Amino acid sequence: MNQTPKRRTGVLTASALTIALLATGCGSVDDDSPTGDTGSKDVAVGGESFGTADEETAKLGSDAQPGEFPRTVTHANGATEVEAKPKRVVVLDTGELDDVLSLGITPVGMVTTEGANPVPSYLADQVEDVETVGTINELDLEKIASLEPDLILGSQLRADKLYDELDSIAPTVFSIRPGYPWKENFRLVGEAMGMEDEATSELEDYAQEARELKESVEGDPTISLVRFMPERLRLYANQSLIGVILGDAGFARPELQDVDDLAVEISPENLDKAGGDYIFYTSYGAPGATGETKALEGSQWKSLEAVEEGQAFRVDDDVWFLGLGPSGAEQILDDLDEHLTE
């Protein structure tokens, strides 16, 4: 990666954040899912591999003191100088949308998803007047330019091939990928916005809430995560947004899901493998189209112990799989608290 800003100046040193980027999952890049789910140990985009986990250690952050500008931000695609505190921000994924809103910033432009709702439902009332700039998988560069942004936030996984064009419009800062590194991504957004202290405070609040949740739950129940998707059924594992949250809270996982991958895919005929003391399930899309409706009517689902004991709960896919930021994470903790402590 080129570590020198193309059209900006600045010194690249100091308080960089070191992140081990673990690129894992099951299958190939899941283009229809806004979670950025990826497969194999190499993260591939457009046929190009980003490398293995050991190779993908990057320093992300800025060279400035908190709140000071100009600053040079080191990120997945190099280094970008941000001359002044951004006021007109465009976000290219749901994670960045959650991030900036969590910092009290309303973007001027955002993308939509192909999920049940174009914008995650838990964020929709905060962005009613925000312009759309295409979808996660198909950006409208002309619309982005027309908004005259002073910062663009996205990820290498999503838009690597468009980085130069985006960076010619406005300073552009990319994480490696959305998903399980959501906390590191939030810190990077905080660095780009000059709001690193606010980001740290938000994450400290989240960590405290996660600890308190585990302390309030009796015993050590295993938590199973089931997501119905068109033509596939996934049990989400440790390297997913929710897997990270469950790990932070100290909850156990069923053996099949307690692996360092994004998810384990099973066939609908093996739904009996989805068991746990508690099951949280949802669909990416309409339940009838994902197989959820049929599955829940079947004997395998009904015979799962969690289902028989009334400990299987349908949750909001917009939050649990499209949140990808601190507000979504805190909503998931609230949902867990509601169901595990009732």
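The values are calculated or read from the model by the stated rules, or taken from the named source; none is laboratory data. Everything numeric in this text was worked out from a predicted model, so none of it was measured. With ideal geometry, Cβ positions are generated from the backbone for all residues, glycine too; neighbour counts draw on all protein chains shown.
Tabulated values for the structure
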read-out: Residue identified as over 23 Å from the mean Cα position of the chain (by Cα) and either free of Cβ contacts under 8 Å to residues at least 24 places away in the same chain or surrounded by fewer than 19 Cβ atoms within 10 Å (Cβ to Cβ) (or both) among LEU296, LEU271; value: LEU296
read-out: Boolean, ALA199 is out of contact with any strand residue (DSSP E or B) (no Cβ under 6 Å at 6 or more places or on another chain) and of a type in the set (Gly, Ala, Ser); value: yes
read-out: Matching residues, the range 265-292, being over 20 Å from VAL319 (Cα atoms) and not small (Gly, Ala, Ser); value: GLU265, ILE266, PRO268, GLU269, ASN270, LEU271, ASP272, LYS273, ASP277
read-out: Among the residues listed as SER121, SER168, SER155, the single one being of a type in the set (Gly, Ala, Ser) and over 18 Å from the mean Cα position of the chain (by Cα); value: SER168
read-out: Test: residue in the range 269-278 that is under 12 Å from PHE228 (Cβ atoms) and touching a strand residue (DSSP E or B) at 6+ places or on another chain (Cβ under 8 Å); value: yes
read-out: Spans of helices (runs of 4 or more DSSP H) in the range 301-342 with at least 1 residues touching a Phe, Trp or Tyr at 6+ places or on another chain (Cβ under 7 Å), more than 17 Å from TRP182 (Cβ to Cβ) and without any contact (Cβ under 8 Å) to a residue 40 or more places away in the chain; value: 305-308
read-out: Some residue of the range 290-298 being assigned to a loop (DSSP other than H, G, I, E, B) and on the phi > 0 side of the Ramachandran plot; value: yes
read-out: Test: residue in the range 201-215 that is buried (at least 19 other Cβ atoms within 10 Å of the Cβ), over 30 Å from THR74 (Cβ atoms), aliphatic (A, V, I, L, M) and in contact with a helix residue (DSSP H, G or I) (Cβ under 9 Å, 6 or more places away or on another chain); value: yes
read-out: Enumeration of residues in the range 225-254 that are of a type outside the set (A, V, I, L, M, F, W, C), crowded, with 23+ Cβ neighbours inside 10 Å and out of contact with any Ser or Thr (no Cβ under 8 Å at 6 or more places or on another chain); value: ARG234, TYR236, GLY243
read-out: In the range 61-89, the residues that are aliphatic (A, V, I, L, M) and more than 17 Å from the chain's Cα centre (by Cα); value: ALA64, VAL73, ALA79, VAL82, ALA84, VAL89
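Here's the yes/no breakdown for (1) at pLDDT below 50; (2) in contact with a helix residue (DSSP H, G or I) (Cβ under 9 Å, 6 or more places away or on another chain); (3) within 22 Å of GLU165 (Cβ to Cβ); (4) surrounded by fewer than 22 Cβ atoms within 10 Å (Cβ to Cβ):
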{"position": "ARG8", "(1), (2), (3), (4)": "yes, no, yes, yes"}
{"position": "ALA20", "(1), (2), (3), (4)": "yes, no, no, yes"}
{"position": "ASP63", "(1), (2), (3), (4)": "no, no, no, yes"}
{"position": "ALA76", "(1), (2), (3), (4)": "no, yes, yes, no"}
{"position": "GLY104", "(1), (2), (3), (4)": "no, yes, no, yes"}
